[in-house]
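Notes for the one structure printed next.
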Amino acid sequence: MKTKQQRIENEQKGIMDSITRRDFLKVSGAVTLVALGGGQLLNIPEVVAARPGPTTRNSLYIPPIVSPSGLTLTEAPATVNVGGGTMASVWAYNNSLPGPTIIASQGSTASINLVNGLSQETITHWHGMIVDGLNDGHPKYAIPPGGTKNYNFAINQRAALNWYHPHTHMLTNEQVAMGLAGAFIVTDNEESALGLPSGNYQVPLVVRDASFDAAYNMVYRSGGGDTPMVNGTLNPYLEVDTARYRFRVLSGAQNRIFGLALSNGAPFTLIGNDGGLLETSVPGLTQIDLAPAERADIIIDFRGLPVGSSIMLKDLRTGWDLLEFRVTRTVTDTGTTPTALSTITKLSNPVRTRVFNFEGMSRINGQVYDINRIDFQVPFGETELWRFTTKGAAPHPVHIHGASFQIQSRTGGRGQLFPWEQGWKDTVLLDDGETVEILIRFDQFRSVGGDGKGLYLIHCHRLEHEDNGMISNFEVV
Ligand SMILES: [Cu+2]
């Protein structure tokens, strides 16, 4: 006989199944359109029923911390614990899902040896890191199975949560979905002077969706997964003290947008995003939307909660329970989160405007990606206004390599900018019917004599769209 709780859970599961199926139908319909239009081979996702039974929660995995100096990163198949001793076969960096958390200070140097232990070509991109085109992980520099590539670059940018993942021509979606992603945190003096929660009180959270078969082999579906994971853990929990925690949240999802919130509706404080700290902290938020590749730096205050209580980090869009915080220990935290965080110089007075229309599921300004075609050239050091438009087949999280940008406006669609879109960004969500304007200036590297040092990409970070061709090469000259 079912208990009331089980009945409620089953009903919720039924609702979720129907949502998943609806999403699947939407996606598969769109896939058919693309297949008809482009004749491309696409992985058609299959529907897998949710696993029955009560939820046992598992201790959240925290990836090891490594320095980028003299680091070897191997992309290869791996068997990892996805919680409670359940072993899953995935693809991972250095046998860790997600990959090791790289932490480096501003002014240091990265020397990283990438090893391809997969049976297909690959290349790793340092998302959010401002590096030259030879080190950026452009797909034309992909290495074959068994191959290696050396990266050497200076870390010359402000503190931020960045990340790394494959950027392989038409294979990015599969390689990321199978588990290849990790956090890359840059620190600087401005940030460390703020006394923000650190040590065990600073936790990276890589949030994604995934799919497994019955034997817990991770399965690639182009449209995304049916199961949430945080730091590679299924149904995770984290034991917390009665203190403030700084969570560095990164969406590693293929296509899905998360609506992050706490189950008790408690407010949290936003302090940063893709490009690092905001000018001032934003207290009182109860929800943050996070598109693929976007980051949110948030402070959650567990003071005043009784030991033994718990709060769930939820995705409001699916109803998923992402991560349970279990309050297990009383400590004294008398700190306050500063209001003034960072100095951000505003870009202004653009010298020209470029328009990018994100069309269907595979085109920018009418063109499908050609890995060898340079679509436009951007003068070094000049501020430009870039306007993104779309009509149908959105949302498109638009990502630019080689520089961070500042979002100016959003008209149509949601018709507003959100607190997490202030400051510096490298990814912005363009939803249906929206026009988004940004200011951007490339002032670090340029393509001199065609040596590729200023070769960068703009693309949709909905990985299904990216692999379909919604990606464009440009040079800084
Ligand atoms: Cu897109």
Relative contact order, percent, region 352-476 [alpha-carbon distance under 8 Å, six or more residues apart]: 35 percent
Per DSSP, loop trypsin sites (Lys or Arg not before Pro) in region 242-305 with at most 15 further Cβ within 10 Å: 303
The answer for region 199-329, accessible area per residue at 1.4 Å probe in Å², is 29 Å²
Above-threshold pairs, the threshold being 24 Å between Cα atoms, out of 346/425; 140/346; 140/453: 140/346
For the chain, the charge dipole (Cβ of Lys, Arg +1; Cβ of Asp, Glu -1; about the Cα centre) points to a positive end, and the Cα of 267, 390, 198 closest to that extreme belongs to 267
Taking 317, 387 and ranking on accessible area (1.4 Å, protein atoms only), highest first, one gets 317, 387
Return the FRET efficiency for the residue pair residue 351, residue 69: r is the Cβ-Cβ distance, R0 is 51 Å, and the value is rounded to the nearest 0.05. 0.85
The extension gain from residue 280 to residue 76, computed as 0.36 nm times the residue separation minus the Cα-Cα distance, is 69.3 nm
About the Cα centre of the chain, how large is the charge dipole given +1 on each Lys and Arg Cβ and -1 on each Asp and Glu Cβ? Please answer in debye to the nearest 20. 720 debye
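What relative contact order, as a whole-number percentage, does the chain give when Cα pairs under 8 Å and 6 or more residues apart are counted? Present the calculation step by step, with values, prior to reporting the outcome.
Values: 1259 pairs, mean separation 66.5, N = 477.
So the answer I get is 14 percent.
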Other-chain or far-sequence residues with amide H under 5 Å of residue 122's (modelled H): 143
Can you classify region 58-192 as rounded, prolate or oblate using the Cα gyration tensor, where a ≥ b ≥ c are the square roots of its eigenvalues, rounded means a/c under 1.5, and otherwise it's prolate if a/b beats b/c and oblate if not? oblate
Measuring from label point to label point, each 7 Å out along Cα→Cβ, what is the residue 343 to residue 383 span in nm? 1.7 nm
How large a share of the accessible area of the chain, in percent, is made up of carbon and sulfur atoms when the probe is 1.4 Å and the other protein chains stay in place? 51 percent
Can you pull the percent of Cα pairs in the chain with separation above 29 Å? 46 percent
For residue 303, put the label point 7 Å out on the Cα→Cβ axis and report which residues of region 187-203 keep their amide N under 15 Å from it. 195-198
Share antiparallel - DSSP beta bridges, the chain, percent rounded to 5: 70 percent
Given labels modelled 7 Å from the Cα in the Cβ direction, how far is it in nm from residue 330 to residue 87? 4.3 nm
Which far-off residues, 5 or more places away or on another chain, put their amide H under 5 Å from the one on residue 413, with H placed in the peptide plane? none
Antiparallel %, DSSP beta bridges [both residues in region 199-329], to 5: 75 percent
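The values are calculated or read from the model by the stated rules, or taken from the named source; none is laboratory data. What you see is a predicted model, and the numbers here were worked out from it, not measured in a lab. Don't worry about glycine lacking a Cβ; one is built from the backbone with ideal geometry, like all the others, and counts go over all protein chains shown. Just so you know, the surface numbers come from the protein's heavy atoms only, side chains and all, with ligands and any DNA or RNA stripped out. Shrake-Rupley method; radii C 1.70, N 1.55, O 1.52, S 1.80 Å.
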